[in-house]
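Report on the following structure.
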Amino acid sequence: MTRQLASPRLILRPYSPGDAAFVRGLYSRPEVQRYLGDGTQRVRTMIEARAKINAWNERYLAEPAQGLWAVCRKGGTITGSLLLKPIPDSVTAVERDTEIGWHFHPDHRGHGYATEAARVVLDHAFACGLERVVAVTNPANTASQAVCLRLGMTHLGPSDAYYDAACELFDITAPTSGKEPGGEQS
Ligand SMILES: CC(C)(COP(=O)(O)OP(=O)(O)OC[C@H]1O[C@@H](n2cnc3c(N)ncnc32)[C@H](O)[C@@H]1OP(=O)(O)O)[C@@H](O)C(=O)NCCC(=O)NCCS
């Protein structure tokens, strides 16, 4: 379930059908999609955007920790998305780990919003009992890697553990988990 969360400057809330224009505007952009999946996916129409919003909200309904949040400035402007979801292992596609991700509109980058929103989502993840969260970044995506480092995530180096794809892998463990970071299993 995408539970409402807050940070000093931001409200994180579920997307609603009224946000379809923002979702289309964000996910139709090559510069946003460039490092997501194979980089070719686009949300081109309002119908596709509404379908995405419905799918996100249904997908996480039964999951207390997981979600896909619209990240809004406290004045209301939507700036981007934060996600916390299961991540499929390479080859088997079994989902054992949880990933965090961030997608921000170019107009709202360079303000620290992605890092601030991700901190809140990590706190929420650990409060819900998760012990470890990973982030997979395209090797060329230095902006995303910088977010991971600002969050205090550990850089585990190149990996093909997830999505059958090469990435630079980061992880972070719950403050009280007592586990060493870097518990990737191949
Ligand atoms: C990855 C992505 C979210 C990073 O966005 P970002 O705005 O650079 O990241 P942050 O929110 O952490 O902002 C950090 C910047 O804000 C600046 N900043 C300005 N005011 C700030 C404030 N009050 N507090 C903190 N930082 C602030 C920081 O100095 C930093 O600037 P720098 O990059 O010049 O060093 C963005 O590039 C994006 O959406 N990319 C497309 C989607 C994508 O690839 N997602 C990742 C998939 S793995």
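Assorted remarks:
- Evaluation of L83 against the conditions (1) more than 15 Å from the ligand (Cβ to nearest atom); (2) closer than 19 Å to R24 by Cα; (3) within 13 Å of the chain's Cα centre (by Cα) shows that the sole unmet condition is (1).
- Residues in the range 119-145 that are part of a helix (DSSP H, G or I), within 8 Å of the ligand (Cβ to nearest atom) and open to solvent by less than 30 Å² (accessible area, probe 1.4 Å): S144 only.
- Filter result for V94 (within 16 Å of the ligand (Cβ to nearest atom) and modelled with pLDDT of 95 or more): no
The values are calculated or read from the model by the stated rules, or taken from the named source; none is laboratory data. What you are looking at is a predicted structure, and each value in this text was computed from that prediction instead of being measured. Don't worry about glycine lacking a Cβ; one is built from the backbone with ideal geometry, like all the others, and counts go over all protein chains shown. Heavy atoms of the whole protein, side chains included, go into the accessibility calculation; ligands, DNA and RNA do not. Shrake-Rupley method; radii C 1.70, N 1.55, O 1.52, S 1.80 Å.
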